[in-house]
Amino acid sequence: MNIAASAPGKLVLLGEYAVLEGAPAVAMAVDRRAVAKLTAQPGPRCEVFAPDVLKARTPFSIGSNGLPDWQAAGADAARLSLVDEVLRGLADEGLAPAAGSGFHLALDTSAFFDTQNAERPKLGLGSSAALTVALAMAFVARAGQADDAASHASWLPRLLALHRKFQGGQGSGVDVATSLIGGVIAYQLNDGGTTPSARPLTWPAGLHQRFIWSGRSASTPKFLSILRAWRLDHEAEYRTRMDALSSIASAAVEALAAADAAGFLSCASSYANDLRALGLASGVSIYSEEHVAIAAIAASHEGVVYKPCGAGGGDVGVLFATDPERLTAAVAQLAAAGFASVPLAVDVTGLRIAITESVEA
């Protein structure tokens, strides 16, 4: 079989940071996809082609234990860490490719970069999570379990475990869930952070959003590390701030469930303010210089709310409004100030898998 699997990127619209403490987060799958293509080839040779991270095709083979034997070194070996973690995790599941079975693996995450910039910075749309979902489920389909791949409840915790290994044990998993399920979801970690759950949400017709590129990439692991260090000496303040954010996030999910656009907009404004205060208190640059400038312009348009998406510090931010004309005016002023909008739309399908039969030469 030849298999093509793809999964969308994500943006956390509300609930970042607090989601790590069990609060719900609202996330949206966006129409930028990571693609993993598996093409059968004769013999035991395997190779991976990932032009966004590798300069050339990298050969490897699958051993009798189901684990990859890489024929790469140095920087290329490091860049293959996600692929390595996924293959090793699938081996633990008994879903590793058979030893001696050759295939060509092509990975494409080009949609997650700012191609207008010569340096091609990442937009912060969750490329590693989307690729984890696409890559893992391509191999699951190759193992003859394509029907099982459609079970979100079964695969969400397993995919989250794979991605966390790649991230060094960090991450809430909201990006993995959104890439797997698609659409707009409410995501939460239950049972002390061990059990992820997600449910679909319907976006209110009267609530509009636009996405703004800050102009630079940010490092979520770095920010989480700074926050953990600050928490050690400020546990009481940390708890107070997280409780406040959690309360707002819960109200925001309830507002969306009730199709209450104005209620959600109020929650987004409150969350943005408390998120900014958390950054100032902890030393985490959630509101970078760019986010501060964007927020100031947005605030000059009545009824328009701006906040960073996810960890902040760069990447993409979101504008919310119930008045589309005011939102359009804010976007135009931001463009004049050098902050471009990013054309993103909700992707409702989540994981996609296409299977075709190999044709013998």
Any residue at all in the stretch 91-104 that's out of contact with any Asp or Glu (no Cβ under 9 Å at 6 or more places or on another chain) and of a type in the set (Phe, Trp, Tyr)? no
Count - residues of the stretch 152-166 that are in contact with a Pro (Cβ under 8 Å, 6 or more places away or on another chain), open to solvent by less than 50 Å² (accessible area, probe 1.4 Å) and farther than 17 Å from residue 224 by Cβ: 1
Restricting the stretch 102-140 to residues that are under 19 Å from residue 54 (Cα atoms) and without any contact (Cβ under 8 Å) to a residue 12 or more places away in the chain, the one farthest from the chain's Cα centre (by Cα) turns out to be 118
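Can we say residue 149 is more than 18 Å from residue 41 (Cβ to Cβ), crowded, with 20+ Cβ neighbours inside 10 Å and modelled with pLDDT under 85?
So residue 149 passes the test.
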Of those in the stretch 167-197 that are closer than 15 Å to residue 11 by Cβ and among the hydrophobic types (A, V, I, L, M, F, W, C), the residue most open to solvent (accessible area, probe 1.4 Å) is 181
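Any residue in the stretch 69-78 that is at pLDDT 90 or above and more than 27 Å from the chain's Cα centre (by Cα)?
no
For every residue, the table says whether it meets (1) of a type outside the set (Gly, Ala, Ser); (2) open to solvent by 50 Å² or more (accessible area, probe 1.4 Å); (3) in contact with a Ser or Thr (Cβ under 8 Å, 6 or more places away or on another chain).
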{"residue": "307", "(1), (2), (3)": "yes, no, no"}
{"residue": "319", "(1), (2), (3)": "yes, no, no"}
{"residue": "322", "(1), (2), (3)": "yes, yes, no"}
{"residue": "326", "(1), (2), (3)": "yes, yes, no"}
{"residue": "336", "(1), (2), (3)": "no, yes, no"}
{"residue": "341", "(1), (2), (3)": "no, no, no"}
Answer yes if at least one residue in the stretch 106-121 is farther than 19 Å from residue 89 by Cβ, touching a helix residue (DSSP H, G or I) at 6+ places or on another chain (Cβ under 9 Å), modelled with pLDDT of 90 or more and assigned to a helix (DSSP H, G or I), and no otherwise. yes
Residue 82 fails exactly one of the following numbered conditions: (1) under 19 Å from residue 159 (Cβ atoms); (2) open to solvent by 10 Å² or more (accessible area, probe 1.4 Å); (3) assigned to a strand (DSSP E or B). What is the number of that condition? (3)
With the checklist (1) under 24 Å from residue 123 (Cα atoms); (2) touching a residue at least 24 places away in the same chain (Cβ under 8 Å); (3) aliphatic (A, V, I, L, M) in hand, flag the one item residue 256 doesn't pass. (1)
Residue pairs meeting the criteria (Cβ under 6 Å; at least 6 apart or on separate chains; first over 14 Å from residue 229 (Cα atoms), in the stretch 270-287; second assigned to a helix (DSSP H, G or I) and aliphatic (A, V, I, L, M)): 270/248; 271/248; 274/244; 274/245; 286/275
Among (1) open to solvent by less than 70 Å² (accessible area, probe 1.4 Å); (2) farther than 15 Å from residue 319 by Cα; (3) part of a helix (DSSP H, G or I), which single condition is residue 296 missing? (2)
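The values are calculated or read from the model by the stated rules, or taken from the named source; none is laboratory data. For clarity, every value in this text was computed on a predicted model and none was experimentally measured. Positions of Cβ are backbone-derived with ideal geometry, glycine not excepted, and every protein chain shown enters the neighbour counts. The accessibility values were calculated without ligands, DNA or RNA, using every heavy atom of the protein model including side chains. Shrake-Rupley method; radii C 1.70, N 1.55, O 1.52, S 1.80 Å.
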